[in-house]
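The structure under discussion appears below in the form of structure tokens.
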Amino acid sequence: MQPHRFEVGQNVELLAGFLTPRDALGHYTVVRLLPNDAADREYRIKNDRDGHERVVRESQMRLGSLAVLGKNLPLPG
């Protein structure tokens, strides 16, 4: 079983996709690693601006800009 690439508390960015609403794009914080046996791991993430939570696959995310800079903090509301 492949390990999760992201960790709880890490800042990530939701990427544009065919089924991803435009208003859902942006910066999120990983709140839970979800169990599954698929190669594309799943996560529960929380929007840093409005607090909305959603379940997404690893392929729908990338490391957030703050995490890339070594500042793994949520964006100000």
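No value in this document is a laboratory result; all are computed from the given coordinates. Worth saying up front: this structure is predicted, and the values here are computed from it rather than measured. FYI the Cβ positions are ideal-geometry reconstructions off the backbone, even for glycines, and counts take in every protein chain you see.
Can you work out ³J(HN,Hα) from phi for every residue in the stretch 17-33, in order, using Karplus 6.51 cos²θ - 1.76 cosθ + 1.60 and θ = phi - 60°, giving whole Hz and x for Gly and Pro?
x, 4, 9, 8, x, 4, 6, 8, 5, x, 9, 9, 10, 6, 10, 7, 8
Non-local amide H neighbours of Met61 (under 5 Å, H modeled in plane, Pro and chain starts lacking H): which ones?
Placed amide hydrogens put Leu15 under 5 Å from Met61.
Output needed for the stretch 11-68: three equivalent-ellipsoid semi-axes, defined as square roots of 5 times the C-alpha gyration tensor eigenvalues, in descending order, whole Å.
17, 13, 11
Would you please put 31-38, 15-22, 52-59 in order of how densely packed they are, using the mean number of other Cβ atoms within 10 angstrom per residue and starting with the highest?
Per-residue Cβ counts within 10 Å, averaged per peptide and sorted highest first, yield 52-59, 31-38, 15-22.
Could you sort 8-14, 44-50 so that the peptide with the highest average Cβ count within 10 Å comes first and the rest follow in order?
8-14, 44-50
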